[in-house]
Amino acid sequence: MTTTQTGARTAGRIGDNAQRPDGTLKVTGEFAYASDLWHDDMVWGVTLRSPHPHARIRRIDVAEALAVPGVSAVLTADDVPGENAYGLEHADQPVLAADVVRYEGEPVALVAADHPETARRAAARIRVDYEVLPALTDPRRALDDDAPEVHPGGNLVRHLRVRRGDPAPTAPVVVSLDFEVGMQDQAFLGPESGLAVPAEDGGVDLYVATQWLHVDQRQVCLALGMPPGKVRLTLAGVGGAFGGREDLSVHVHACLLALRTGRPVKMSYGREESFHGHVHRHPATMTYEFGAERDGTLVYARADVLLDGGAYASSTAAVVGNAGLLGLGPYRIPSVAVDAYGVFTHNPPCGAMRGFGCVQAAFAHEALMDELAAAVGVSPVEIRQRNGMREGDRTTTGQVIDSAAPVAELLERVAAMPLPPPLETSDLRNLPGAVGNTTHGEGVRRGVGYAVTYKNVGFSEGFDDYSTARVRLQVVAGEAVATVHTAAAEVGQGLVTVQQQIARTELGVERVVVVPADTTVGSAGSTSASRQTYVTGGAVKAACEAVRTAVLQRAAVALGGPVAGLALDGDKVVGAGGEVLAGLADLLGDDAVEETVEWRHRPTHAVDPETGQGDAHVQFAFSAHRAVVDVDVELGLVKVVALDTAQDVGRALNPDAVVGQIQGGSAQGMGLALMEEVVVADGHVRNPSFTDYLLPTILDMPPMRVEVLEYADPHAPYGVRGVGEPPTISSGPAVAAAVRVACGRPLRRVPIRPEHVTGT
Amino acid sequence: MDFLQPSSWHEALAIRAERPDALPIAGGTDVMVELNFDRRRPGALLDLTRVGELREWSVEDGGRVRLGAGVPYARVIGELGDRLPGLAMAARTVGSPQIRVRGTVGGNLGSASPAGDAHPPLLAAGAEVEVASAARGTRRVPVADYFTGVKRNVLEPDELIAAVLVPTAAGPQQFCKVGTRNAMVISVSAFALALHPDRQAVGTGIGSAAPTPRCAPEAEEFLAGELDWAARRPLPEGLARAFGERVAAAAAPIDDVRGTAAYRRHSLAVLARRAVTWAWDDLRRAA
Ligand SMILES: Cc1cc2nc3c(=O)[nH]c(=O)nc-3n(C[C@H](O)[C@H](O)[C@H](O)COP(=O)(O)OP(=O)(O)OC[C@H]3O[C@@H](n4cnc5c(N)ncnc54)[C@H](O)[C@@H]3O)c2cc1C
């Protein structure tokens, strides 16, 4: 056999800025999102929701709605064939409210009609006789003896205790504060949408925008009373998620209507319904205390964190877990006492959102770090460096951090970045208030603030966290093609790209097809907890390795030599020196080599119920931010001038995508610090629209300096570390700190509103 | 729903009289939101975008600009920045580029929201709204008398807004708008100021701080009496602040999801103080 040297290695491998396979479609507006789903002869489903935060349903009369021409079905709780209950951790949430509604916006009835407007008008004719009941809307009252019970058994969802070190510590310097965080919305741009198609076998095919197909499938099956084989899910185009698609939305509703009408049913929320149709980030009320030596070295920390879970459990228990286990920040603290609570109220349910319990806590511990710095007379950077975790340290739960923990370096890097130029008043857009023309420089003070965080990656506390990948290698029209099939949800973050990059790297082929995610392959786990590149990436890598082993064994047999030294590159089998030994086309012919692998990261463990001690997490990710703000202290308006960051990502599989995650996450954290809040008064959402739920615009978000560190985690595939969440956690507290410095007020609540800055 | 598309002003007024259930639509940036949210279900839409007369502006005898109701904000910014600086500054703060290309001053007046950004500068300039009906012809309403309540105005069911008549600026004008983000935001409070050195008078307009946009007449008179119109010497110590306090006192704000009454009052005082400082500096520089 002749040997020739191969040319350049395949492009688009890990570490390259490979282009997204769906990038062009998205940029040109041709990508099909879930809201674009269409089926001939489909009908439209709409939801009737409760106007009350707490009420008993005495009677529902659907006759008038059913009589509307064009209406094909009106369903209530009585029409749920399986269990009228779902939920991520506890099935406590009715598919349709039966006897009681527990929050404003709770689904009560469904209508299918030939036009969405007809369905909406018919829904308005459903007569629900409510007996309004007193609502528990103050989470601080939830655990009082006389508080109304949201569910039988009390209003406590979870109480997590963490205790470590001296139970009665004292210290020469003590600082403390109370802090409050408002309710943030995920505000993904593509509202909840899905299409349910009844199948000939009596089952249903559901196309839906979601974060975890298999956990949806489990819940849909339960509600429909059907086995998994009859409820097949396929991922529809997802326009962002951020945790807001972990719980069910249209899923069961669309399937119920499809099975009843025998027609495909599409459901698609508008923005207002979306605000009622998914969980939000938990509002938090927190009390923190740090004790330290005179030089600022921490001696102890105490924290009391209360999270308002709203009407149903959702993932509140896990969020409490994070707030309790990680809520003191990335610091070495010998003695610790943390109590984290999640409670039920009649407010909108809260659950998963990017940063998951760490976001709220970080506002408190970072504000308190600044207090401590001031109390002992060192800079905010120094105090954090002095106390920052290092590799080999133990966390507050006693877990040894067994890979990089570069807190001091991250801070050093952001502190060393050049500061933006001084205030420039010639262009209004540079000033707080911008073209609102509220200042020409009057009242404007600059502030600089720092914050640092760490976040667990992947599922913790003993959860069996795994992903499944099926990889096939075959030759099509003379060219080797790898096909990657997982159930992992691409929600915009770029997992499809990374899957291609991994397959190219492992199999040395150019063409990699990532087929749509569905439930015909095993679970991939959720697209959350910054975990998919790690876990599904790990599964794809493992499946590719299995395929490669099989192919090389064939090659060894065909070549009559040992497997050792053989590799795949450029659609060829190559030898140790890169010399081509065989083409895949010759080797495989019409055969396909396919392997399916279920891949797990190292196990984690439940924590001790009394002390919260244990190895709860598999990996930690660290980031630091420096914010520079100009604040008009007389009007309370803020212009963020710079929001710079350094983050350790272990290994950047796709550097552009990494920076994109960091920019987006930073904007989301800044949004919570300055403007993003679902305002809830007496259980009612006051601003369910983008008119009054404000997201940062391009004039609010400064250009960013981003330094990406790559300290590979030896325990993770390719050394990767989760990227998506840390920026959302450390950016907001840095912005809040900078505003405090600029205006000189304590600002113990976010979002910071103008009237908080001015004190009016 | 019928879609009625007159191509002349005459025809538009005729349809308006015949079809009381028809909702006029200009840029549609308010109307389409209302329809999408199902807040309104009109029997018909009366599309005014084909009525050429509405999309023009001209200068009348006496120097007033006659601004057709259908002229979009983008053109106010591009074409009228010199003659109507206050209105152009306000137009610049409206929504996003897309909204400024579609949205019109006539539509702003049609909606008559207390937060409408065109209103304060029209108040400060002493503008008039020209309305017309097929039956009774044209009438002109001073903008200060035009707003009758929250999102209500003096229009009769058969009337349309033809134009707004705005005196060409004889002196400096300012418009300031507070919102909780730096673009694309509904005002929490807004203030417009016009100095009229020709008649030694002051005009003001307050937005988002009362059931309707309104002037601060007492503050206007006070400032006009205190300013050194002749020598244009620097503002005396404390005058800008005293003016600001009077402007704030003229407001009747509420607490809502966008801001508190106390903050609205406070911010108006700051805006008015700053605005008069800038305007007076401009006037002195011009001298
Ligand atoms: C994203 C967004 C951002 C916005 N931001 C701002 C902002 O910053 N500041 C602000 O002030 N507004 C804002 N608006 C509201 C809106 O753009 C303005 O009120 C605009 O001036 C409306 O003009 P239009 O031509 O689009 O009116 P339309 O929506 O066409 O009409 C508005 C009302 O006026 C009536 N109408 C229109 N023309 C006439 C006429 N000739 N005679 C009688 N009645 C008439 C209509 O029947 C309707 O009731 C925003 C809207 C959106 C969607």
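The values are calculated or read from the model by the stated rules, or taken from the named source; none is laboratory data. Computed from a predicted model, the values in this text were never measured in an experiment. As a convention, Cβ positions derive from the backbone with ideal geometry for all residues, glycine included, and neighbour counts pool all protein chains shown. Ligands, DNA and RNA are stripped out before the accessible areas are found, and what is left, the full protein with its side chains, is counted by its heavy atoms. Shrake-Rupley method; radii C 1.70, N 1.55, O 1.52, S 1.80 Å.
Dipole of the protein assembly as shown computed with +1 at Lys/Arg Cβ and -1 at Asp/Glu Cβ about the Cα centre; of A:A738, A:A592, A:H617, farthest Cα towards the positive end is A:A738.
In the distance distribution for region B:173-286, Cα-Cα pairs more than 24 Å apart total 23 percent.
Overall, chain B carries a charge dipole of about 720 debye about its Cα centre when +1 sits on the Cβ of Lys and Arg and -1 on the Cβ of Asp and Glu, all other atoms neutral.
Close amide H pairs (under 5 Å, H built 1.01 Å from N) link A:L568 with A:V574, residues at least 5 positions away or on another chain. For region A:308-442, the pair-distance distribution built from all alpha carbon pairs, in bins 5 Å wide starting at 0, is 2, 9, 13, 14, 14, 12, 12, 11, 9, 4, 1 percent. Only Cα sites of region A:464-590 enter the Debye sum here, all with the same form factor; the resulting log10 I(q)/I(0) across q = 0.12, 0.13, 0.16, 0.20 1/Å is -0.46, -0.53, -0.75, -1.03, listed in q order.
With a cut-off of 8 Å between alpha carbons and a minimum separation of six or more residues, what is the relative contact order of chain A in percent? Over chain A, the number comes to 16 percent. Note on chain A: dipole from Cβ charges, positive end direction compared against A:G165, A:H756, A:P348; the farthest Cα belongs to A:G165. Between A and B, buried accessible area from a 1.4 angstrom probe totals roughly 2900 Å², ignoring ligands, DNA and RNA. Counts of other chain beta carbons within 10 angstrom of each beta carbon in peptide A:671-677 average 2. Dipole magnitude for region B:2-167: about 320 debye, using +1 per Lys or Arg Cβ and -1 per Asp or Glu Cβ, origin at the Cα centre.
Label positions at B:N36 and A:R140, each projected 7 Å from the Cα along the C-beta direction, are separated by 3.9 nm. Note that region A:222-321 shows a convex hull volume over its alpha carbon atoms of 185 Å³ per residue. Write down the percent of antiparallel bridges among all DSSP beta bridges whose residues are both part of region B:2-167, to the nearest 5. For region B:2-167, the DSSP antiparallel bridge percentage is about 75. Sorting the segments A:742-752, A:638-648 by their mean number of nearby beta carbons within 10 angstrom, highest to lowest, gives A:638-648, A:742-752.
Rounded to whole numbers, the Karplus 3J(HN,Hα) couplings from phi for region A:30-40 are 9, 5, 8, 7, 4, 6, 8, 4, 8, 8, 4 Hz, using 6.51 cos²θ - 1.76 cosθ + 1.60 with θ = phi - 60°, and x at Gly and Pro.
What net charge do the residues around A:D201 carry, taking every other residue with its C-beta under 12 Å from that of A:D201, with Lys and Arg at +1 and Asp and Glu at -1?
Net local charge, A:D201 excluded: 0.
Dipole size of the protein assembly as shown about its Cα centre, with +1 on Lys/Arg Cβ and -1 on Asp/Glu Cβ: approximately 1740 debye, rounded to the nearest 20. The value of relative contact order for region B:173-286, using C-alpha pairs under 8 Å at least six residues apart, is 27 percent. Solvent exposure of chain A, expressed per residue, is 35 Å² of accessible area, with all protein chains present and a 1.4 angstrom probe.
Of all DSSP bridge pairs formed entirely within chain A, close to 80 percent run antiparallel.
Give me the net charge of A:V475's neighbourhood, meaning all other residues with Cβ under 12 Å from the Cβ of A:V475; Lys, Arg count +1, Asp, Glu -1. Result for the neighbourhood of A:V475: -2. Residues A:F356, B:F37, A:F275, B:F3, ordered by accessible area of protein heavy atoms at a 1.4 angstrom probe radius and largest first, appear as B:F3, B:F37, A:F356, A:F275. Remark: mean inter-chain Cβ contacts per residue of A:624-636 equal 2, using a 10 Å Cβ-Cβ cutoff to other protein chain atoms.
Restricted to Cα atoms, the protein assembly as shown shows a radius of gyration and a Dmax of 31.6, 106 angstrom. For peptide B:184-192, the mean count of partner chain Cβ atoms within 10 Å of a residue's Cβ comes to 4. Derived scalar couplings between HN and Hα for region B:67-82 equal 9, x, 4, x, 7, x, 4, 4, 6, 4, 5, x, 10, 10, x, 7 Hz in order, rounded to whole Hz, by the Karplus curve 6.51 cos²θ - 1.76 cosθ + 1.60 (θ = phi - 60°), x for Gly and Pro. When the helices of chain A are scored as -39500 (n - 2.57) per DSSP H run of n ≥ 4 and the total is divided over every residue, the value at 222 nm lands at -7500 deg cm²/dmol. Scalar couplings 3J(HN,Hα) for region A:599-613, obtained by applying the Karplus form with A = 6.51, B = -1.76, C = 1.60 to θ = phi - 60°, are 10, 10, 7, 3, x, 10, 9, 5, 8, 4, x, 8, 10, x, 7 Hz; x denotes Gly and Pro. Toward the positive end of the charge dipole of region B:173-286, with +1 on the Cβ of Lys and Arg and -1 on the Cβ of Asp and Glu, the farthest Cα among B:V276, B:H266, B:M184 is that of B:M184. Across the cross-link table entries A:K26/A:K266; B:K151/B:K177; A:K266/A:K639; A:K26/A:K541, which are compared at the Cα atoms, the separations over 31 Å belong to A:K266/A:K639. Annotation for region A:21-91 versus region B:80-105: alpha-carbon center distance of 41 Å.
Residues of region B:257-283 that bury at least 40 Å² of accessible area when the other protein chains are present, relative to the chain alone (probe 1.4 Å, heavy atoms, ligands and nucleic acids excluded): B:V257, B:R258, B:Y263, B:H266, B:R274, B:W278. With a 1.4 Å probe and all protein chains left in place, how much of the accessible area of region A:130-272 comes from carbon and sulfur atoms, in whole percent? Ligands and nucleic acids excluded, carbon and sulfur give 50 percent.
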